[in-house]
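Below: one structure, written as structure tokens.
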Amino acid sequence: MPGGFASNHALQGTPELAYGITKWWEIGFYLPFAINGDGVLSDGAKIRNLFVVPDAAKRSFFYGVNFELGYETPKFSATPWTLEIRPIIGVRNKEWEFIVNPIVDLSFGSSQGEADFLPAVRLARNLGQDRFVGLEYYAYFGKIGDFLPLKQQSQQLFAVTDFKVDKIDVQLGTGFGFTPGSDRFIVKAIFGYAFPVARKSTEPDSSPTSLKMGAPSRLLTYASN
């Protein structure tokens, strides 16, 4: 994005802690960072509130919205404060799932902000036993009402696989950019662990399904099995 961090030859990471308040509400906090020739760089901090339809993982049609408020350091953004609004719309059956995130990113602060459009899409094949293979598309079109020329937009396609190793959720992906404004080649990895929570035997699980899939710099949100 204009005024943002140049990701070429850099490692970016985002440690996150999340907690399910109810079956339909989850909160999260994370501290994004990057490592390049200048050393370790902080990208501030972000908090999020995720609201989803209850029992999303059991539904053939599911939906929700994620609100993410973040403070970004000057090296990463010309505007310090951002609010990402991420609708979640998905359908699935026993073999396939399709998820769309028509994301709107609002930036504000001492500099003049704007509303940007960053759509994301996932199509994945369910192989059973918590294993998926699929394609993920991420884009940055620019300011709503005044999109960037195509060659300045970010357009990226990832081949991904999701699976479990014991109790660890793993997603690996390799992405390629189709425009000069995209990162040409990206490798991503996401590792997640759900901490056990003591509950009464008759008490249902009150947390929503973890909704993460992962993008090179932003998370595409979805409901997993």
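The values are calculated or read from the model by the stated rules, or taken from the named source; none is laboratory data. For clarity, every value in this text was computed on a predicted model and none was experimentally measured. Reconstructed Cβ throughout: ideal geometry from the backbone, glycine too, with neighbour counts over all protein chains shown.
For the stretch 133-159, the tally of residues that are out of contact with any Asp or Glu (no Cβ under 9 Å at 6 or more places or on another chain), more than 19 Å from T82 (Cα to Cα) and surrounded by 17 or more Cβ atoms within 10 Å (Cβ to Cβ) stands at 5.
Only residues that are free of Cβ contacts under 8 Å to residues at least 40 places away in the same chain and surrounded by 21 or more Cβ atoms within 10 Å (Cβ to Cβ) were counted across the stretch 57-72, and they come to 3. The lone criterion from (1) part of a loop (DSSP other than H, G, I, E, B); (2) loosely packed, with under 12 Cβ neighbours inside 10 Å left unmet by S182 is number (2). Taken together, the residues in the stretch 13-50 that are surrounded by 15 or more Cβ atoms within 10 Å (Cβ to Cβ) and of a type outside the set (F, W, Y) amount to 16. Selection of the stretch 29-38 for residues being under 12 Å from T14 (Cα atoms) and assigned to a strand (DSSP E or B) yields F29, Y30, F33, A34, I35. Listed by position, the strands (runs of 3 or more DSSP E) inside the stretch 79-168 whose residues that are of a type in the set (D, E, K, R) and on the phi < 0 side of the Ramachandran plot number at least 3 are 81-92, 115-128.
Might you check whether a residue that is touching a residue at least 40 places away in the same chain (Cβ under 8 Å), of a type in the set (A, V, I, L, M) and under 22 Å from E136 (Cα atoms) occurs anywhere in the stretch 73-89? Within the stretch 73-89, one or more residues are touching a residue at least 40 places away in the same chain (Cβ under 8 Å), of a type in the set (A, V, I, L, M) and under 22 Å from E136 (Cα atoms). Only one entry in F195, F191, F163 is among the aromatic types (F, W, Y), at pLDDT 50 or above and farther than 23 Å from F51 by Cα, namely F163.
The condition of being modelled with pLDDT under 95, among the hydrophobic types (A, V, I, L, M, F, W, C), over 28 Å from N126 (Cβ atoms) and assigned to a strand (DSSP E or B) holds for only one of L41, L69, that being L41.
Name every residue in the stretch 98-132 that is surrounded by 16 or more Cβ atoms within 10 Å (Cβ to Cβ), more than 18 Å from E72 (Cα to Cα) and either modelled with pLDDT under 95 or among the polar types (S, T, N, Q) (or both), in order of residue number. Correct list: N101, N126.
Against the test of being more than 24 Å from G173 (Cα to Cα) and touching a residue at least 12 places away in the same chain (Cβ under 8 Å), the options I103, I35, I21 yield a single qualifying residue, I21.
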